[in-house]
Amino acid sequence: MSTSKFVVSPLAGALALALSLPVLAEPAPDPQAKDLDGVEVQGVRVQKASSGKYTAPLRDTPQTITVIDRGTIDGQNLLSLQDILSTLPGITFGAGEGGGGYGDKINLRGFNADSDITVDGVRDSGLYSRTDPFNLETVEVINGANSVYSGAGSVGGTINLVSKNAGLNEFHKASVAAGTDSYARVTTDSNFVLGESSALRLNTMVHQNDVPGRDVEENERWGVAASLAFGLGGNTTWTLNYLHQEDKNTPQYGLPFFNGDVLPGVDRGNYYGYSNVDKQDVELDALTSIIEHSFNDRFKLRNLSRWQQVDQFALVDAVQGTWCLANNLTPTGTSCGSTLPGNYTPSGPRGFGRDTRNTTLYNQTDLTVAFNTGAVEHNLVAGFSILHEEFDLDTTSYFRNPNGTNPYIPGLPQMNIANPDHIWRGVFNRTLTGRTEGELDNRALYVFDTIKFNEQWQLSLGARYEHNEGETNSAVVVLAPTTVGAPLPAQPIGTVTGYGVPFKNSDDLFSYRAGLVYKPVENASIYVAYGNSKTPSKASVNGACTAQTCEVDPETAVSYELGAKWDLFDGRLALTGSVFRNERENYKVADLGNPANPSGLQQLDGSARVDGVMLGVSGLLADNWAVYANYAFLDSEVLQGVSDRQVGLGLDYTKGDRLLNVPEHSFSLWTTYDLSPKWQIGYGATYQGKIWLTQHSATNVNGPLTTYGSYWTHRAMVAYKINRKAQLQLNVNNLTDEEYYTRIRNNGWATPGDGRQVVLSANFTF
């Protein structure tokens, strides 16, 4: 689909509506932006983390916490969690795996963070694509080992999504947008004050777009969110939130990627799956109840309960198989076999379906108390949480005969590498090939205290004890014969005839964090902090432990951090800086060929670390100039990549290598400037440094390693305020149409970054 395609009708409707707006009432002020009698300055910084477990303002919290507010999201027209996180340094993304699931795969500070996403502080561990921020107020990235706050795991940190809530400030907003690549979007956000202490907030979203620079992929979704609050402004409040969203997307696997680049002759828009069968359907429902009661100014009780269910069906065709180049060899130098030069014979997960359901039940109760012990002030939070998660997965194969036999054992139809035929014309019959069920229960007790000794010194302490247990059970499924013409089994094809022995894991975990803060002046702090995280073998409900891992003790990671924070201009601008070390002290590695370990139980002998520096500035440089910028330096290293026994045999080839997919340097910037009361301009830049794609091995002991080079992307924005009720905003993403790749699986595939896209939005308040 051409990037020159432009959707006209939504844009025309937006302009017509803009001309009619002078008859509307005066708009309510936006609490997330500063109105300077002109366009809104984006990027006004948040003063405090959303979770009540953080008992001090961000300035006095001894930890690097990066907050992306609503204005920054809207100013850059960021449309998914991956879009938002891609504007932050030190975060990369993993490749979608057909066998492991399709969704948000996040690498934070060098370590996997797929299961370290929370919504309003509650774990959201399902592997799916979080595609739209229409119901988000902010996104918080809490860096460093963080189990004490968010539970088992959290080696590199936690990503917390903060939902919109009803309040006593009545406002009504709407946005209509259209752009290249069939882009069309309508959102509304209304807060209705129902009385002196009640309010209802409604958010809606309808969206569609083709993926810029790609010929096939497209996204469609809609969502609605409601927040109903009672008792606002009083001692007791009750807020009931509901979110529903449905997506129909084309999965993005991308292009064949070998030795640090795509194959020669491959166009960025090529599609190597089957566009007429590939799909990703997501349905999300979440119901949250929050009850808060203040006994007095120093004593508060809060309870949060949530039910959430995420259904995702993905039918994918991974970009893997035999790629035969013009020299009649594969990219790795092996023989092409029966694959013709210039052709590709697909293999691996083709016609592969994953039908998943993640269900979460969560209850958390917090008690907040402020008190003094002599001259020492305490701000203490103590609480407990109960979590129950269930995971159901059906795996299916679709390229089968009606009786379940596989007609493509000799090989799927070949396609031309430069001009792939992405239409499936073969047989198409669903055959169940596997069923997996999992459960996870977590019960936790925790306490946090900010101890203020005087105006200069304070100490932050936190501790968490949790009992984590779960199990995974796989069904016995009657499969089709492996050869054409073989006799069929007695039971119907794809029938579940029973379950095997479940793999179970149960651990008691203790995590903690301590930070000492020195305040030379009221608006600045210098801190030193230490914390740990514990990761059991069953850290996620959709992750399965095995006979080799279930009995292994929890992994441990630690984080050291020294930093400073300084607020300037009466708190309008914040400067932050930190140096840190994140270290996985003992992660699981295979104990290959050890006669003393006949069961093959993995050992906690692996270790790796990331030393780094993070710098940030956010807020207003002047009344008409806002800036939001961050820089990260990450020096990663494998300390030991094999078991102690293999070290003794001289087989630790990866020792000293860099961690995969971790950039040494990365940088992001977003800034807006008011040219006049009517006009505002914005500019953004993201730099991603070189990453390593391979490590040394027995076949490459000391040779060169494969890397992927650095790249820049740029964004631009122009906004025009028609009147106090209407504003036009033009966004250009990837301004220079930079060709770059993310989610790289070397000697496999990589996803092209979005090409240039132009979007015009009409934004209204009334």
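Computed quantities for the displayed model
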{"item": "Residue in the stretch 118-137 that is out of contact with any helix residue (DSSP H, G or I) (no Cβ under 7 Å at 6 or more places or on another chain), closer than 24 Å to ALA286 by Cβ and without any contact (Cβ under 8 Å) to a residue 60 or more places away in the chain present", "result": "no"}
{"item": "So ILE409, is it in contact with a strand residue (DSSP E or B) (Cβ under 8 Å, 6 or more places away or on another chain), among the hydrophobic types (A, V, I, L, M, F, W, C) and surrounded by fewer than 15 Cβ atoms within 10 Å (Cβ to Cβ)", "result": "no"}
{"item": "Of residues in the stretch 353-374 being touching a Gly at 6+ places or on another chain (Cβ under 9 Å) and among the charged types (D, E, K, R), the one nearest to ASP278 (Cα to Cα)", "result": "ARG354"}
{"item": "Residues within the stretch 315-336 that are assigned to a strand (DSSP E or B) and closer than 15 Å to VAL262 by Cα, tallied", "result": "3"}
{"item": "Every residue from the stretch 554-574 that is over 25 Å from the mean Cα position of the chain (by Cα) and either aromatic (Phe, Trp, Tyr) or at pLDDT below 95 (or both)", "result": "TRP566, ASP567, LEU568, PHE569, ASP570, GLY571, ARG572, LEU573, ALA574"}
{"item": "Near pairs, Cβ below 7 angstrom, 6+ apart or cross-chain, from the stretch 610-635 (over 20 Å from GLY656 (Cα atoms)) to any residue that is of a type in the set (Ser, Thr, Tyr) and outside any strand (DSSP E or B)", "result": "MET614/THR64; TYR628/THR72"}
{"item": "Residue match in the stretch 400-418 (condition: touching a His at 6+ places or on another chain (Cβ under 9 Å), part of a strand (DSSP E or B), of a type in the set (A, V, I, L, M, F, W, C) and farther than 30 Å from TYR54 by Cβ)", "result": "yes"}
{"item": "Residue within the stretch 572-585 that is under 28 Å from LEU651 (Cα atoms), surrounded by fewer than 18 Cβ atoms within 10 Å (Cβ to Cβ) and not hydrophobic (A, V, I, L, M, F, W, C) present", "result": "yes"}
{"item": "So VAL381, is it surrounded by 19 or more Cβ atoms within 10 Å (Cβ to Cβ) and either of a type in the set (A, V, I, L, M, F, W, C) or more than 26 Å from the chain's Cα centre (by Cα) (or both)", "result": "yes"}
{"item": "Sole residue being surrounded by 22 or more Cβ atoms within 10 Å (Cβ to Cβ) and within 30 Å of ARG658 (Cα to Cα), chosen from THR751, THR706", "result": "THR751"}
{"item": "Members of the stretch 166-201 that are of a type in the set (A, V, I, L, M, F, W, C), under 28 Å from THR237 (Cβ atoms) and in contact (Cβ under 8 Å) with a residue 40 or more places away in the chain", "result": "ALA166, LEU168, PHE171, ALA174"}
{"item": "Matching residues, the stretch 65-96, being hydrophobic (A, V, I, L, M, F, W, C) and over 24 Å from HIS207 (Cα atoms)", "result": "ILE65, VAL67, LEU88, ILE91, ALA95"}
{"item": "Single condition THR706 does not satisfy, out of (1) over 25 Å from the mean Cα position of the chain (by Cα); (2) modelled with pLDDT under 95; (3) farther than 21 Å from VAL186 by Cβ; (4) not aliphatic (A, V, I, L, M)", "result": "(2)"}
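Residues are listed down the side, and each one gets a yes or a no for (1) at pLDDT 95 or above; (2) more than 25 Å from the chain's Cα centre (by Cα):
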residue: VAL501; (1), (2): no, yes
residue: ASP508; (1), (2): yes, yes
residue: PRO520; (1), (2): yes, yes
residue: VAL579; (1), (2): yes, no
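The values are calculated or read from the model by the stated rules, or taken from the named source; none is laboratory data. Only a predicted model underlies this, so the values are computations on that prediction, with no experimental measurement involved. All Cβ positions, even for glycine, are placed from backbone atoms using ideal geometry, and neighbour counts span all protein chains on display.
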